Amino acid sequence: MSFIKHLALTGILLSACVLPVPLEEEPEGEKTPPRFLREYCLPQFSVTAQIDSPDEISVHLVVEDPDIEDRIPFRVYKDYYLAPPGKKNSTLLQQDWIPTSTETQEDPEVRIMDFTLEISRICNSSLGDVTGSQHYIEVVVADGFSGSDDDPEWRATTSPPDVWGFFVICHQ
């Protein structure tokens, strides 16, 4: 009987012991890709530009991203879908970063970025532009782009991208 008491006592003690269980690592929070707030981006739909002009087109981006500590990369393309395979990189006009949010912003999830595009790189007579020529300018944002800054691998992104664009109509 002593053996049964001993076994019962051991069972009680073991059931009262807390054995450490390895904890699983928490999955890293999923990033939310940035998106354009299109109603605030400028120019809206289209803009006219004089061929070979030394002037610039002002672009105003408004992007929402809940990941407020991230810098948001963006790229600007001219007539991306018209370029043949292997020539997509030649459509890249500009690439830059939208800075992280600041404490002074009213809504830290909303970022604003202003920049300019050289008209001569869009409406250019040496590239065959004449009055009425149209070009589609696309701005792409994502959490990141594949490839390096020197070889941007066209529009390959590391997260779902968002695209906003406008037409440039060339005239003399």
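The values are calculated or read from the model by the stated rules, or taken from the named source; none is laboratory data. Only a predicted model underlies this, so the values are computations on that prediction, with no experimental measurement involved. Quick reminder, even Gly has a Cβ in these numbers, built from the backbone with ideal geometry, and neighbours come from all protein chains shown.
Conditions tested, residue by residue: (1) surrounded by fewer than 16 Cβ atoms within 10 Å (Cβ to Cβ); (2) at pLDDT below 95.
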position	(1), (2)
Ser46	yes, no
Ile51	no, no
Pro54	yes, no
Ser58	yes, no
Pro66	yes, yes
Asp70	no, yes
Tyr80	no, yes
*Could you list, in sequence order, all residues of the range 62-99 that are under 11 Å from the mean Cα position of the chain (by Cα), closer than 19 Å to Leu117 by Cβ and either part of a loop (DSSP other than H, G, I, E, B) or without any contact (Cβ under 8 Å) to a residue 40 or more places away in the chain (or both)?*
Asp96, Trp97
_Residue match in the range 108-123 (condition: outside any strand (DSSP E or B), within 23 Å of Thr32 (Cβ to Cβ) and either β-branched (Val, Ile, Thr) or over 18 Å from the mean Cα position of the chain (by Cα) (or both))_ = no
*asked:* Residues that are of a type in the set (D, E, K, R) and either at pLDDT 95 or above or not in a loop (DSSP other than H, G, I, E, B) (or both): does the range 13-34 have at least one?
replied: no
*Show the residue pairs that are 6+ apart or on different chains and have beta-carbon atoms under 7 Å apart, the first residue being within the range 29-41 and within 16 Å of Pro73 (Cα to Cα), the second being loosely packed, with under 14 Cβ neighbours inside 10 Å and at pLDDT below 95.*
Thr32/Pro66; Pro33/Pro160
*Taking the range 102-130 on its own, how many of its residues are loosely packed, with under 12 Cβ neighbours inside 10 Å and polar (S, T, N, Q)?*
4
